[in-house]
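*Asks:* Let me begin by handing over the structure; questions about it come next.
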Amino acid sequence: MTQTAAELFVKCLETEGVERIYGVPGEENADFVLALDKSSIDLILTRHEQGAAFMASTYGRLTGKVGVCLGTLGPGATNLMTGVADGNMDRAPLLVITGQGATTRQHKESHQVMNVVDMFRPVTKWSQAVQSADSVPEIVAKAMKLARTEKPGAVHIELAENIAAEKTGATPLRPANPRRAVPDETIMDQVWERIRRARSPLIIAGNGTIRTRASQQLRHFCDATNIGVLMSFMGKGAVDLDAEYCLFTIGMGQRDYPLLAVEAADLIITLGFDMVEYPPSSWNGNGDTDIIHIDFLPAEVDADYMPEIEVVGDLAHALWMLNQRIKSDGAPQFELAKQASLRQTMLAEFAEHADDDTHGLIRPQKAVADIRKVLGPDDILLSGVGAHKMWIARHYHCHEPGTCIISNGFASMGMPLPGAIAAAIACPERKILGVAGDGDFLMNVQEMETARRLNSNITMLIWEDESYGLIEWKQQQEFGTHTDLGFGNPDWMLLAQSFGWQGARCENAADLLPTLQTALDHKGPSLVVIPIDYRENMKLSQRLGEIDFSS
């Protein structure tokens, strides 16, 4: 009985391979923080708990390891909520640790005490308070196992201050390594026969295709069959943007050119498809498309998503099984002319305005094109939520999986800056670029100090329009007008200077590429601000509204 529950908790995390925790200390988690100080685990001090949650979830998405964030009771716990919900719905393996008032005062009105465990239940896979010091090893082991198990997500552990100080002789459990079941040979035979009968099959690759490292097997399958792949916002990089079967992104709220390929297909194969990104009603509204669902879990019940065949099991292994059948039977021949036409249409869309040299407002197409030019195949782009997300989702494409991090499940604003900090820690050899609108960036602007303190090699690119641009776009599109959504901004260069960042404002489109290159080459955090031309939003809406889906 030589250690406290807090010290045992930290030893359990060390045993699980945790290297760092992002968070804000408080009085009620003091025992835990002091135990951390004596451990091999680094505490990354953040300026807000929401920033800590975004950092931990981004780390989880990039590495597949469990990211860990920390807050105290009451307001510390509530501040974590948005980032935790975002990580959970983006399927990031994430452990949330909160302090709590002593169990001797939880039954009555008491300073900062609220039912945090119940509060976290709707936004986590599991939420549990530690009731005794001896139960710590089981609780930590269960939490880490659940966080990693498909679909990965957030788990929460509460440690009350008096429980944290209890003595215990318990020891950490051996880390669990949950294995994923593989699909049955019989069901894969059915899948293969259905694919061979198809005239024009199409693949929709979702978040699971990235998360499960199934990209390599998918590429082998498409190299052999040439079946086109549409990727969700969080599935970017499942196939290489240069591959002829890469049909880019699906998921815009408005009907877009990719739906021409969907409607021409007689079979849709969904891989790791997540309905939180793009509802089936948007691409199968008549419910008449034959669907093969391949994922770790059975398909969600949805009137517009009733698969002909469901394959439940390891996604990478399922694709490997299909590739084995190609080796033995040969690849079928399909009619894929409309898919090839879609690719050419989208390439033309991406080329429009990519070489602008206008002065003043910079078009989104030009900004995205320069971002793609300045980042290498393995570098990482992070996008927040706003009108900029739609342009990045539609126009920015990847060579490798896990190189574009978009918040698109819960779709919360405020992720790019803390996410970029975590990305720089997780992948120090890569260039890190975060893109945020001015509204998005200011939601976690305080983490500029964290980036400076850590000397993070990150660049943040702000698209400035002094408005909640996405809401304005949607209101204008639906109602022909919009409410007052404008706001003011700080002097960005003074803001950068005050936080010790390098800063640059670019108002000439021709200068954007070298400005970004200079920022990315700088050692330490850099801020680049551009005035964005969101008149292009409604121009895009008008163009998409003229697509003839009847032909």
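*Asks:* Starting from region 345-413, pick out the trypsin sites (Lys or Arg not before Pro) whose DSSP state is loop and whose Cβ has at most 12 other Cβ atoms within 10 Å. Present the calculation step by step, with values, prior to reporting the outcome.
*Replies:* Numbers: sites: K366, R372, K373, K389, R394; in loops: none.
Qualifying residues, ordered by number: none.
*Asks:* Report the dimensions of region 185-343 along its three principal axes from the alpha-carbon atoms, largest first, rounded to Å.
*Replies:* Between the extreme Cα coordinates on each principal axis of region 185-343 lie 42, 33, 28 Å.
*Asks:* Which net charge results for the neighbourhood of R194, defined as the other residues with beta-carbon distances under 9 angstrom from its beta-carbon, given Lys and Arg at +1 and Asp and Glu at -1? Please report the intermediate quantities before stating the final value.
*Replies:* Values: positive: R196, R197; negative: E193, D290, E308.
Around R194, the charge tally is -1.
*Asks:* Could you order peptides 448-454, 53-59 by the average number of other Cβ atoms within 10 Å of their residues, highest first? Display every interim value, and only then the final one.
*Replies:* Details: 448-454: 19.3, 53-59: 33.6.
Packing proxy ranking, top to bottom: 53-59, 448-454.
*Asks:* Another question about this same structure. Taking the DSSP beta bridges in the chain as the whole, what percent of them are antiparallel, to the nearest 5? Could you put the intermediate results ahead of the total?
*Replies:* Details: 5 of 69 bridges.
Percent antiparallel among DSSP bridges in the chain is about 5.
*Asks:* Please list the radius of gyration and Dmax for the chain, considering alpha-carbon atoms only, with Å as the unit.
*Replies:* My reading of the Cα-based Rg and Dmax gives 24.2, 76 Å.
*Asks:* Counting C-alpha atoms alone, how compact is region 353-543: give Rg to one decimal and Dmax as a whole number, in angstrom.
*Replies:* Cα-based Rg and Dmax for region 353-543 come out at 15.6, 47 Å.
*Asks:* Then there's this: Does region 355-436 classify as rounded, prolate or oblate by the C-alpha gyration tensor (a ≥ b ≥ c root eigenvalues; a/c under 1.5 gives rounded; else a/b over b/c gives prolate, otherwise oblate)?
*Replies:* Cα axes put region 355-436 in the oblate bin.
*Asks:* Among I250, P279, A5, whose Cα sits farthest toward the positive end of the charge dipole of the chain (+1 at Cβ of Lys/Arg, -1 at Cβ of Asp/Glu, about the Cα centre)?
*Replies:* A5
*Asks:* Using the Cα gyration tensor of region 94-177, with a ≥ b ≥ c the square roots of its eigenvalues, what is the shape: rounded (a/c below 1.5), prolate (a/b larger than b/c) or oblate (neither)? Please list the in-between numbers first.
*Replies:* Details: a/c = 3.39, a/b = 1.28, b/c = 2.64.
Note, shape of region 94-177 comes out oblate.
*Asks:* Let me ask another. Run down the aspartates and glutamates and flag those whose C-alpha is under 19 Å from the C-alpha of K108, throwing out any fewer than 8 positions away in its chain.
*Replies:* Candidates past the 8-residue exclusion: E28, D118, E158, E161.
*Asks:* What per residue convex hull volume, in Å³, do the alpha-carbon atoms of region 3-168 yield?
*Replies:* Details: hull volume 14.9 nm³, N = 166.
Value for region 3-168: 90 Å³ per residue.
*Asks:* Sticking with this structure for a sec: So, R0 is 35 Å and r is the distance between the beta-carbons of N489 and D189; what FRET efficiency does that work out to, to 0.05?
*Replies:* Details: r = 60 Å, r/R0 = 1.70.
So, using R0 = 35 Å, E works out to roughly 0.05.
*Asks:* GluC sites (Glu not before Pro) within region 21-121: which are DSSP loop residues with at most 10 other Cβ atoms inside 10 Å? Present the calculation step by step, with values, prior to reporting the outcome.
*Replies:* Details: sites: E27, E28, E49, E109; in loops: E109.
In loop regions of region 21-121 (DSSP not H, G, I, E or B), the sparsely surrounded GluC sites (Glu not before Pro) are E109.
*Asks:* I would also like to ask the following. Using helices alone, what [θ] at 222 nm do you get for the chain, with -39,500 (n - 2.57) per DSSP H run of 4 or more residues, divided over all residues and rounded to the nearest 500?
*Replies:* On the way: 22 runs with 220 residues, N = 551.
Helix contribution divided over all residues of the chain: -11500 deg cm²/dmol.
*Asks:* Along region 18-30, what does the Karplus equation 6.51 cos²θ - 1.76 cosθ + 1.60 (θ = phi - 60°) give for ³J(HN,Hα), rounded to whole Hz, x for Gly and Pro?
*Replies:* Calculated HN-Hα couplings, in order: 5, 9, 8, 10, 9, x, 10, x, x, 5, 7, 10, 4 Hz.
*Asks:* Considering only I227, A129, N408, whose Cα is most displaced toward the positive end of the charge dipole of the chain, charges sitting on Cβ of Lys, Arg (+1) and Asp, Glu (-1)?
*Replies:* Positive-end residue among those listed: A129.
*Asks:* Next question. For M493, what is the net charge nearby, where nearby means another residue's Cβ is under 15 Å from its Cβ and Lys, Arg count +1, Asp, Glu -1?
*Replies:* -3
*Asks:* Using the structure shown, list the pairs from K236/K474; K151/K373; K151/K327 with a Cα-Cα distance above 28 Å, or answer none. All intermediate terms of the calculation are to be shown ahead of the outcome.
*Replies:* Numbers: K236/K474 24 Å; K151/K373 34 Å; K151/K327 31 Å.
Result: K151/K373; K151/K327 exceed 28 Å.
*Asks:* What lysines does K145 reach when the alpha-carbon gap must be under 18 Å and sequence neighbours fewer than 8 apart in one chain are set aside?
*Replies:* K11, K65, K125
Here, each number is a calculation from the coordinates, and none is a lab measurement. These numbers were taken from a predicted model, which means no experiment stands behind them. Using ideal geometry, Cβ is built from the backbone for each residue, glycine included, and neighbour counts are taken over all protein chains shown.
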